[in-house]
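We did not get these values from a lab; they are worked out from the coordinates using the rules stated. Worth saying up front: this structure is predicted, and the values here are computed from it rather than measured. Ideal geometry is used to build each Cβ from the backbone, glycine not excepted, and the neighbour counts take in all protein chains shown.
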Amino acid sequence: MPTYAYACKDCSHAFEIVQSFTDSSLTSCPECQGTLRKKFNSVGVVFKGSGFYRTDSRDAKGSTVSPAPAPAPAATPAPAAASAS
């Protein structure tokens, strides 16, 4: 269940509460019975387990990924030969 942060518009009391997605938002401050507003924070994402990190696909000796091949040198056009008539 997610944790929601609220702040009172009247007395500035701030608190967090664990609520279900289906629960209604709180509307009155538990301190002064004033109007509450829901605070929105950035979502923290934590990747756990294998497969999420670049180092997870490497063996103990080093990288298993081959380096990209070097680009071939550009070919210079040959001078046009004069045609004999």
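For residues in the stretch 25-49 being among the hydroxyl-bearing types (S, T, Y) and not in a strand (DSSP E or B), which is surrounded by the most Cβ atoms within 10 Å (Cβ to Cβ)?
Ranking the candidates gives T27 first.
Among all residue pairs at least 6 apart or on different chains, which show Cβ distances below 7 Å where the first residue, located in the stretch 1-26, is within 12 Å of R37 (Cβ to Cβ) and the second is assigned to a loop (DSSP other than H, G, I, E, B) and not hydrophobic (A, V, I, L, M, F, W, C)?
Y4/Q19; A5/N41; C8/E31; C8/G34; K9/G34; D10/G34; H13/E31
Would you check which residues across the stretch 1-15 are surrounded by fewer than 11 Cβ atoms within 10 Å (Cβ to Cβ) and outside any loop (DSSP other than H, G, I, E, B) and list them?
T3
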